[in-house]
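J.: What follows is a structure written as structure tokens; I'll ask about it next.
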Amino acid sequence: MLKLFIVICVVAGTLGLSGCGYNTLQAQNQEIEARWSEVLNQYQRRADLIPNLVRTVQGFAQQEKDVLLGVTEARSRVGSIQATPELLNNPAAFQQFTQAQGQLGSALSRLMMVSERYPDLKSDQNFRDLQAQLEGTENRITVARNRYIDAVKAYNTTVLSFPSNLTAKVFGFAKKPNFGVSNEAEISRPPTVNFDSGANAGMAAPAGSPRTTPAQLPQTLPAPQPIPVQPTPAQ
């Protein structure tokens, strides 16, 4: 009789949690983590392309050291933030991370625009391959980010809706940070280069310009020291 009573209580409790949205919250939380992991993977792929891209560009455009340094510094800022799952529980750290990624995207856009001035660079096969890889990665970042946005919207709606909001409070399901409108506009523009365009021919560097490496630029990108991200205390 006691065993039967325990079984009934367990079943009733399970059904009660399910009816109050616990299972939905759990599933949506796991979906967010999966989508966030996808975003991070694509961001990392972009960061991995930058060292070769910088070395290739600086070989043709030594006078563009400010733009090149802007890219390397933006990459260092991104790498200085630990992209852990705890980022999703810390809105301030999440905003810091996404702003750093936005600044990196802007720096890459400026680099791609500058490359238009150098015909030899535009015709270099290695640069063209890197540009194609970067463009593909930016597109995958956009797709992954949009999936994350949709997952967070669904989860946050559940967290705020009755009666699942009561379950969320009891079991510690807090709202997740999302990409804001202004930040989304900043980071959603992938770098683009039209290699066939002659719009910048008037300011192009002379063909056959020497390929030199300026001493002012680092030959390798140093690994940044990680800055710990403090998780938000449980409410």
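J.: Can you give the FRET efficiency for residue 142 and residue 34, using 1/(1 + (r/R0)^6), R0 = 25 Å, r = Cβ-Cβ distance, to the nearest 0.05?
T.: 0.90
J.: In addition: Quick query: amide H of residue 81 versus all other amide H atoms, modeled in the peptide plane; which residues come in under 5 Å with a sequence gap of 5 or more or a different chain?
T.: Hits under the 5 Å cutoff: 227.
J.: Another question about this same structure. Multiply the residue gap between residue 171 and residue 129 by 0.36 nm, knock off their C-alpha separation, and tell me the result in nm, one decimal place.
T.: Contour length minus Cα-Cα distance gives 10.2 nm.
J.: Whole angstrom only: what separates the Cα centroid of region 121-151 from the Cα centroid of region 14-88?
T.: When both Cα centres are located, 13 Å separates them.
J.: Now for a different question. Rounded to two decimals, what ratio of Rg to Rh does region 27-192 give with C-alpha atoms and a Kirkwood Rh?
T.: 1.08
J.: Do you know the Lys pair count in region 27-192 for C-alpha distances under 29 Å, with sequence separation 8 or more or different chains?
T.: Taking the Cα cut-off of 29 Å, the pair count is 4.
J.: With r defined as the distance between the Cβ atoms of residue 49 and residue 150 and R0 fixed at 30 Å, what FRET efficiency is calculated, to the nearest 0.05?
T.: Computed FRET efficiency for residue 49 and residue 150 comes out at 0.65.
Every number here is computed from the coordinates shown, using simple stated rules; none is lab data. Because the structure is predicted, anything quoted here is derived from the model rather than measured. Here Cβ is always computed from backbone atoms with ideal geometry, including for glycine, and neighbour counts include all displayed protein chains.
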